[in-house]
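Following: one structure in structure tokens, then a few remarks.
Rule-based calculations on the coordinates, nothing more; no lab input. Predicted model, so just to flag it, every value in this text is computed and none were measured. Methodologically, a virtual Cβ is constructed for each residue, glycine included, from the backbone with ideal geometry; neighbour enumeration extends over all protein chains shown.
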Amino acid sequence: MDLSLVIPTWNGRHLLERYLPAVLGELERWQRTQGAVGELVVSDDGSTDDTGTWLQSHYPQVRLVHSPQNGGFSAAVNRGVAVADGAVIVLLNNDLYLFSHALDPILPWFVDPDCFGCTFRALDRVGAFSTGGKQAEWARGFWHVWKNYEAGGTVDVAVSENPSATTSRLRLPSAKLVGGFCAFRRAMFQELGGFDLLFSPYYWEDTDLSFRARKRGWTIGYEPCAQVRHEVSATVVLHAGRFRRQRVIERNRLLFHWLNLDGGNLARNLAWTHLLLLQMLLKGNFAYHAGYLSAMSCWPAILRRRHADRRHWRLPDVALALGVPPGGKSTA
């Protein structure tokens with residue numbers, strides 16, 4: 001099997017009702033026109049809204065894997081990938097519309113044996129650019145990886161409206177895969193151990209996975225011709241209040257650095273981490289302190305994974321910074 005589309009979901013029946021027809025339509029078109037084989041796997045993460053029964057009744061061609069308990073994004077994705085048969089996984093949120101021809105440019109990326117994956121181009125609800133290929137830089141001891149190539153016109157990515165132009169003429173790199181809409185090699189994902197459950201229930205797991213892959217010398221690309229329209233955080237906002245979500249973000253940001261950084265960068269990060277305790281106290285950002293205490297409790301697990309990962313590190317942290325691609329502008 002060539003492709004397995006994996007969609008994690010939690011109490012998202014209303015979203016699947018809205019978006020699943022477009023996903024299945026694109027999968028069926030891709031199989032028919034490409035002469036390839038694909039499947040759709042939905043990983044139901046302990047839903048209580050009758051998602052499983054509804055899926056089996058309305059879409060029996062969908063493979064359903066169900067967990068009786070809600071374990072979070074990482075656990076749901078890992079279960080879906082574990083049962084999938086495809087050599088390449090297309091990971092999609094349950095709250096996005098998959099455009100026609102979005103699957104066509106994916107497999108050519110994986111001709112390169114060092115390619116771990118590629119991230120897609122996302123539009124917002126009104127059709128404006130939302131997010132895509134990522135730049136990355138170090139600043140004050142922290143890894144910053146939220147800048148897009150296309151933000152502020154740093155790169156002009158003009159996506160062709162011709163369906164036959166199914167892949168970018170330029171091979172654009174990306175500092176990370178965006179977990180809600182990307183493709184990756186299943187064997188490499190499993191070699192990495194999948195998404196680390198330390199980041200459950202959500203946030204930073206895709207940054208962690210991407211950093212680990214690139215530190216092994218594997219590559220990640222940006223494929224702007226694979227387009228989605230994304231209803232941002234439609235599931236996460238149902239899961240917890242603002243303070244709890246911010247605490248998780250702060251905890252996982254610290255976990256990412258403590259798990260992955262070289263000795264020198266780790267020391268710098270720890271210095272800035274503790275300086276921020278005072279700064280955030282003065283700002284009244286107590287979610288940072290709650291996240292810090294939660295992250296500190298994970299140090300035994302952090303040390304175990306660092307010990308396991310170190311033998312696979314091929315590139316230093318400094319080599320993973322990524323700015324605007326050469327040439328400044330690119331056309332897809």
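Assorted remarks:
- Cα long-axis angle, helix 242-260 against the chain (0 to 90 degrees, to the nearest 10): 80 degrees
- Neighbour counting of Cβ atoms within 10 Å sorts the residues 177, 261, fewest neighbours leading, into 261, 177.
- Once C-alpha pairs closer than 8 Å and six or more residues apart are averaged by separation and normalised to the residue number of region 1-84, the relative contact order reads 38 percent.
- Helix 299-310 and the long axis of the chain differ in direction by around 70°, with both axes built from C-alpha atoms.
- Least to most buried among 182, 115, 298 (fewest other Cβ within 10 Å first): 298, 115, 182
- Of [x] 22.3; [y] 32.9; [z] 16.7, the label for mean projected area of the Cα convex hull in nm² derived from the coordinates: [z]
- Given 15 as the ceiling on other Cβ atoms within 10 Å, longest exposed-site-free region of the chain for trypsin sites (Lys or Arg not before Pro) in DSSP loops: 170-310
- For the chain, the mean residue ellipticity at 222 nm estimated from helices alone is -12000 deg cm²/dmol, where every DSSP H run of n ≥ 4 contributes -39500 (n - 2.57) and the total is divided by all residues, rounded to the nearest 500.
- Cα long-axis angle, helix 205-215 against the chain (0 to 90 degrees, to the nearest 10): 80 degrees
- If the segment from residue 308 to residue 249 were pulled out straight at 0.36 nm per residue, it would be longer than the present Cα-Cα gap by 18.8 nm.
- Vicinal HN-Hα couplings computed from phi for region 267-274 (Karplus, 6.51 cos²θ - 1.76 cosθ + 1.60; Hz; Gly/Pro x): 4, 5, 5, 5, 5, 5, 4, 7
- Cα gyration tensor category, rounded, prolate or oblate, for region 166-220 with a/c compared to 1.5: prolate
- When you restrict to C-alpha pairs under 8 Å that are six or more residues apart and normalise by the size of the chain, the relative contact order lands at 21 percent.
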